[in-house]
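Structure, as structure tokens:
No value in this document is a laboratory result; all are computed from the given coordinates. The model shown is predicted, which means the values in this text are computed figures rather than measured ones. Glycine gets a Cβ as well: all are built from the backbone with ideal geometry, and neighbour counts include every protein chain shown.
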Amino acid sequence: MILVTGGAGFIGSNLVRQLNHQGERNILVVDDLTDGQKSKNLVDCVISDYEDKDEFMALLLGDKYNRIKTVFHLGACSDTTEWDGRYMMRDNFRYSRELYRYCSMRDIPFIYASSAAVYGAPSPKESLELTEVFDEIAANERPLNMYGYSKLSFDQYVRANAHDRANLVVGLRYFNVFGPGEAHKKTMASVVYNFNKQITSTGTIKVFRGSHGYPDGGHERDFVHVSDAVKMTLWASKLTASASGIYNCGSGVARTFNELAGLVLNFHGKGKIEYIDFPEGLSDCYQPYTKALMRRSKNIGYSDEFKTLETGVEEYLTWLNS
């Protein structure tokens, strides 16, 4: 049996679908379907069992599920504007820690979702080459919000306990993932999704004004199509235990919001850009630039190319507007 936490969510449901394509049907999905809209992500998938996230841990520790061969832990609160630290640490740290311990005691491969949010906000004026700011080392980890800290705290726990385990443990720091299956995330959905929604409803794409030394619409992000995130996640699950570690999952290319908005405008053949101020309190905890350094994963054999922004956006907008 394969366990996928967050299996009804964005990356999780895409992972379940790809597992199905590979012939896997014995999949246990754990999630919170209080928002039943998320169930739409799984209607074309095949799973063998489902458990609610709040009930699952007791069932797991009670040995109800004793034939799990791989764990993909993608479930988390991913709201970067959530500042309830107790809630964040319960869902993103303590839950992860229990699953980690369970897998370590039973030699089960454990692949989990970390985040590029752990890196914080490098300035374009920093003396260090910007690409190097996103190397997977402790010196670069300066999260700006509670979400980023909750992810970093678990990364630190994994590092601190590396000597006590023999199983494969891989944390993937996903950068700005976009693609089918994210509609339930609403304001936390990708910029691609929200730009498309804006232009189809109002004809105007709203982009943040300049800040942090960047011009209007000039903030840069590493955008990743969800199919590439899933591909790397599955690759990680096949590694040997000696390759355990934390790896970036990004295209290695930074693109501006102006460029992204232009692709959405060109797809629709209409519309305009309007520059807006940051909402109050957001600027101080905003990442103006991200760019994955993929050296570590390439050094252990990851060679697949990520889709360009042009290709990924074209595919996604075609799907969204079909």
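At R0 = 30 Å, how high is the FRET efficiency between R97 and N321 if r is their beta carbon distance? Nearest 0.05 is fine.
Details: r = 42 Å, r/R0 = 1.39.
Calculated value: 0.10.
Calculate the FRET efficiency for A58 and D84 from the Cβ-Cβ distance with a Förster distance of 22 Å, rounded to the nearest 0.05.
On the way: r = 23 Å, r/R0 = 1.06.
So, using R0 = 22 Å, E works out to roughly 0.40.
Please compute the Cα-Cα pair-distance distribution of the chain with 20 Å bins starting at 0, giving whole percents from short to long.
Histogramming the chain at 20 Å steps yields 32, 60, 8 percent.
Rounded to two decimal places and with Rh computed the Kirkwood way over Cα pairs, what is Rg over Rh for the stretch 167-322? Before the final figure, lay out each step's value.
On the way: Rg = 16.8 Å, Rh = 16.7 Å.
Dividing the radius of gyration by the Kirkwood radius yields 1.00.
Compute the distance in nm between two label points, each set 7 Å from the Cα along the Cα-to-Cβ direction, one at L282 and one at T311.
Taking the simple label geometry, L282 and T311 are separated by 3.1 nm.
In nm, what is the difference between 0.36 nm times the number of residues separating M1 and V43 and their Cα-Cα distance? Present the calculation step by step, with values, prior to reporting the outcome.
On the way: separation 42, 0.36 × 42 = 15.12 nm, distance 1.98 nm.
Once the chain is fully extended between M1 and V43, it gains 13.1 nm.
Between D216 and H163, what length comes free when the chain is fully extended (0.36 nm per residue of separation minus the Cα-Cα distance, one decimal in nm)?
Working: separation 53, 0.36 × 53 = 19.08 nm, distance 4.72 nm.
Here the segment from D216 to H163 would lengthen by 14.4 nm.
Please work out whether the stretch 78-195 counts as rounded, prolate or oblate from its C-alpha gyration tensor, where a ≥ b ≥ c are the square roots of the eigenvalues and a/c under 1.5 means rounded, while otherwise a/b larger than b/c means prolate and anything else oblate?
On the way: a/c = 1.79, a/b = 1.26, b/c = 1.42.
Since a/c reaches 1.5 but b/c is at least a/b, the shape of the stretch 78-195 is classed as oblate.
Quick check: from the Cα gyration tensor, does the stretch 1-152 come out rounded (a/c under 1.5), prolate or oblate?
Values: a/c = 1.86, a/b = 1.78, b/c = 1.04.
Since a/c reaches 1.5 and a/b is larger than b/c, the shape of the stretch 1-152 is classed as prolate.
For the ranges 175-183, 47-55, 297-305, what's the packing order if you count other beta-carbon atoms within 10 Å of each residue, average per peptide, and put the highest first? Please list the in-between numbers first.
Numbers: 175-183: 21.6, 47-55: 14.3, 297-305: 12.2.
Packing order, densest peptide first, comes out as 175-183, 47-55, 297-305.
Per-residue ellipticity at 222 nm for the chain, helices alone: DSSP H runs ≥ 4 residues times -39500 (n - 2.57), over residue total, nearest 500 deg cm²/dmol? Could you put the intermediate results ahead of the total?
Details: 10 runs with 105 residues, N = 322.
That comes out to -9500 deg cm²/dmol.
Of the peptides 267-280, 152-165, 209-222, how do they stack up when ordered by the mean number of other Cβ atoms within 10 Å, highest first? Mind dumping the intermediate values first?
Working: 267-280: 12.5, 152-165: 15.6, 209-222: 17.9.
Listed from highest to lowest mean packing, they are 209-222, 152-165, 267-280.
Would you work out if the stretch 208-269 is rounded, prolate or oblate? Take a ≥ b ≥ c from the square roots of the eigenvalues of the alpha-carbon gyration tensor; rounded if a/c is under 1.5, else prolate when a/b is larger than b/c, oblate otherwise.
Values: a/c = 5.72, a/b = 1.99, b/c = 2.87.
Note, shape of the stretch 208-269 comes out oblate.
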